[in-house]
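In what follows, a structure is listed as structure tokens, so that the remarks can point back to it.
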Amino acid sequence: MEDLNKRIICQSCAMPLKKSEDFGTENDESKSKDFCHFCYKDGKFTDEGITLNEKVDQLVDIAISKLGLSEDLARTMAKTKLPTLKRWKN
Ligand SMILES: [Zn+2]
């Protein structure tokens, strides 16, 4: 059984993963444990080769348009959060 109260976030973009549809898929069609369906599909990153800075820019755009955050706030959050995630740690 999955513990639904445990907070899981995508280890690439920090999006909260709540429902099983939120998770990406492995190449055997099982669900990824770490990544969302925007970032990860069929065992690969959908944006493979992107740099951390490019990912920050992408998230800043989303945070401004979808969440209405200011650019400064969005950028600070993305720059603080992303380097702690598995995908960007090395
Ligand atoms: Zn993601």
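Give the residue that is nearest to Val56 (Cα to Cα), with candidates limited to residues of the range 18-46 that are of a type in the set (Lys, Arg) and in contact with a strand residue (DSSP E or B) (Cβ under 8 Å, 6 or more places away or on another chain). First the steps, then the outcome.
Looking only at the range 18-46, we keep the residues that are of a type in the set (Lys, Arg), and these are 18-19, 31, 33, 41, 44.
After this cut, where a residue has to be in contact with a strand residue (DSSP E or B) (Cβ under 8 Å, 6 or more places away or on another chain) as well, the list is 31, 33, 41.
Working: Lys31: 25, Lys33: 22, Lys41: 20 Å.
Residue satisfying both the conditions and the ranking: Lys41.
Of all residues in the range 17-49, those satisfying the criterion of being modelled with pLDDT of 95 or more, surrounded by fewer than 16 Cβ atoms within 10 Å (Cβ to Cβ), over 12 Å from the mean Cα position of the chain (by Cα) and of a type outside the set (D, E, K, R) are Asn27, Ser30, Gly43, Gly49.
All conditions in (1) in a loop (DSSP other than H, G, I, E, B); (2) in contact with an Asp or Glu (Cβ under 9 Å, 6 or more places away or on another chain) hold for Ser32, with the sole exception of (1). When the residues of the range 31-46 are filtered to those that are more than 14 Å from Trp88 (Cβ to Cβ) and out of contact with any Gly (no Cβ under 7 Å at 6 or more places or on another chain), the one that is nearest to the ligand (Cβ to nearest atom) is Phe38. Selection of the range 17-29 for residues being outside any loop (DSSP other than H, G, I, E, B) and away from the ligand (no atom under 11 Å from the Cβ) yields Ser20, Glu21, Thr25. Note on the range 46-72: residues that are closer than 18 Å to Ile9 by Cβ and assigned to a helix (DSSP H, G or I) total 10.
Close contacts from the range 1-14, counting a first residue that is at pLDDT below 65 and a second that is more than 7 Å from the ligand (Cβ to nearest atom), with Cβ to Cβ under 9 Å and a gap of 6+ residues or different chains, come to Glu2/Ser20; Leu4/Lys18.
The values are calculated or read from the model by the stated rules, or taken from the named source; none is laboratory data. Remember, it's a predicted structure, so these values are computed and weren't measured experimentally. Heads up, the Cβs are rebuilt from the backbone with ideal geometry, glycines too, and the neighbour counts pull from every protein chain shown.
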